[in-house]
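Report on one structure; see the data block that follows.
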Amino acid sequence: MLVFVAPVYADVTLRLGEGVDLKAINGGLSGREGREISLRDGPSQILVEYTAELGRNDDDSVLDTSDVFVILFESEDQYLTLEAPDISTRQEMRAFNKSDGWILKDAGGNPHPFKSDVLEKDGFQFARNYEQELSDYNRAGSGEAALAGLQDSNNRFLDNPDRKDEFPVARDQEMVREMLRYWYLKADENTKREMKRWMNSGD
Amino acid sequence: MKKLLLAVAVTAAAGSANAVTVYENDGFTYKLNGDLQVQLRRDIGEDESEYVDFDDLELKNYFSYDLNNDMTAFGRVDFDFKDEANGKDNVTPLEEAYVGIRYGVTSFSFGKQNFASDEFGVEEAYEAPLDEDQFDAVGTDGDDTFRVDVELDNIYLVSSYELEAEDKGGVEGEFFDIFAFADVAGLSLGGGFQKHTPLGGESLDTWGVSAGYEFGVFGLAADYSVTDDGNTDLDTQLYNVAATLDVTNTTGVAIGMQNQEEDNADDVTGWYANVTYKFPTQKNVSVFAEIADNDIDETDMGALAGMRVKF
């Protein structure tokens, strides 16, 4: 008996901690609101900064924003949280910018591996072009959190390199292809071999 | 107003608000901050009228230059236009203007700036019914001030010295101040001392201690400060007790009580209660309301409501 199981499209949910501002996701401006964002399984590259209120009293405190950080991590069907430590002095903010104190953890509170780097720009900081800066950063490839494989030959950022379209498909087949790819990647080696044999058999 | 931050969550963390970094290049940084607070207020007193008070209209300019080897030169120029907005005469908007050098955790600065003892205090009022503490009760100027700050992980030490210069807006003489603050496992302890020596007069010695503790969404703090006036041989003491509660992650309330007593005079007790709401999407924008009163005869309760925007 053939049992049809509705595919569960596994996403990664990333919750941003208080004061964390998302600038870009995988090369594109975030344009998102709220504290939780959804990401595809696989590698993700985000651009974030952290704003804190510095000072020991509310009257004289000032807002200060960290450097802009590129953060690269790999995840699959997980709930992750990105936070910065409590920062209340310029000294702590300087240390944060230098030592990279970002905290990425999973739903169980365990540290999740990631790489990070400061996206630097000299000159006036108004109206930074994060898309272009990230594109340049990834193309250079020398940064700690660079991921050149996420860009195509025209420097356009792709959702996921595995998803690069080599064969255009009809619109109603996009989801089918997505699910086939998803379950194939989920399969173990035996299942993959069986699937290949089945496809090659022409059935 | 100077006080220890009682770490009310709604005041401790910004949302997606941004400070403005204007320019960065070759180790040079220029940042601009703003703080605007306007209140509709009725003061404590007899038959007081409501009025609009500009409590803060500040633009803060911060410059720094990386000198390498963990050394940074910095400067700050703050303008506050509240006095102009409130219709006061003969005022200048310059609030702070100083330069300094930071090496590691230690910085030295001089110019027009706050004293070390300005860091003292725990009261949580928008407008305290009495003096905020005895350091606040002693008039200061701060035009010719040298200051050393040491910021360690859980300890903060400050010392300042105000030159015995003349023509300082009615406040003359020299000031020497120290302040120490330690924060361990939610318990914060502070202590301050100030020696003010007026020209041709005996010194006024002020000292104070404070303690605060956070347990979850609650915060509780108290301070005590006393001034020994060598000219009159009279002591004036003031204490604060304050409590805070984070009702939600956007709303906090604070209540507090003050008592001030000078030798050979009746003591005065004041109290206040306020609520602050910070908009969840932009926690640098807040609205607030407060009521306050004291036990002086024939005075009516004061009240205020206002809005604050920071960037």
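Odds and ends about this structure:
- Cα-based shape type of segment B:75-228, given that a ≥ b ≥ c are square roots of the gyration tensor eigenvalues and the cut on a/c is 1.5: rounded
- Shape of segment B:67-164, Cα gyration tensor, a/c cut at 1.5: oblate
- Projected label distance in nm at A:Q132 and A:D59, using a 7 Å step from Cα toward the beta-carbon: 4.5 nm
- Between the amide H of B:V247 and those of B:G252, B:V253, distances stay under 5 Å, these residues lying 5 or more places away or on another chain, with hydrogens modeled in the peptide plane.
- Mean shadow area of the protein assembly as shown, taken as a quarter of the surface of its Cα convex hull (nm²): 31.4 nm²
- Under 5 Å, built H, 5+ apart or other chain: amide partners of B:D144: B:L163
- A:V176/A:N110 FRET efficiency (R0 35 Å; Cβ-Cβ; nearest 0.05): 0.50
- A:D122 versus B:L199: modelled label distance in nm, points set 7 Å from Cα along the beta carbon direction: 5.1 nm
- Once the Cβ-Cβ distance of B:Q282 and A:R197 is raised to the sixth power relative to R0 = 41 Å, the FRET efficiency obtained is 0.10.
- A cut-off of 5 Å between modelled amide H atoms, ignoring neighbours fewer than 5 places along the same chain, links A:A24 with A:S30, A:L47.
- Flagged links, alpha-carbon separation over 23 Å, of A:K98/A:K121; B:K60/B:K88; B:K82/B:K195; A:K23/B:K283; B:K82/B:K310; A:K23/A:K98: B:K82/B:K195
- Hz values of 3J(HN,Hα) by residue in segment B:64-78 - Karplus curve (6.51, -1.76, 1.60), Gly and Pro given as x: 8, 9, 6, 9, 6, 6, 6, 10, 9, 9, 9, x, 9, 10, 10
- Prolate/oblate/rounded call for segment B:4-310, Cα gyration tensor, a/c under 1.5 rounded: rounded
- Förster-model FRET efficiency, 51 Å R0, B:A289 and B:D233, C-beta, rounded to 0.05: 0.75
- Under Karplus coefficients 6.51, -1.76 and 1.60, residue-wise ³J(HN,Hα) of segment B:224-240 in Hz, glycine/proline x: 9, 9, 9, 10, 9, 8, x, 7, 10, 6, 10, 9, 10, 10, 9, 10, 10
- Couplings 3J(HN,Hα) of segment B:95-105, computed from phi: 9, 9, 7, 8, 10, x, 10, 10, 10, x, 8 Hz, in residue order, whole Hz [Karplus 6.51 cos²θ - 1.76 cosθ + 1.60, θ = phi - 60°; x for Gly and Pro].
- Each label was represented as a point 7 Å from its Cα along the Cα-to-Cβ direction; for B:V209 and B:L245 these points are 2.9 nm apart.
Taken together, the values in this text are just the output of simple stated rules run on the coordinates, not laboratory data. Quantities reported herein were computed from a predicted structural model and do not represent experimental measurements. Every residue, glycine as well, gets a Cβ built from its backbone with ideal geometry; the counts of neighbours run over all protein chains shown.
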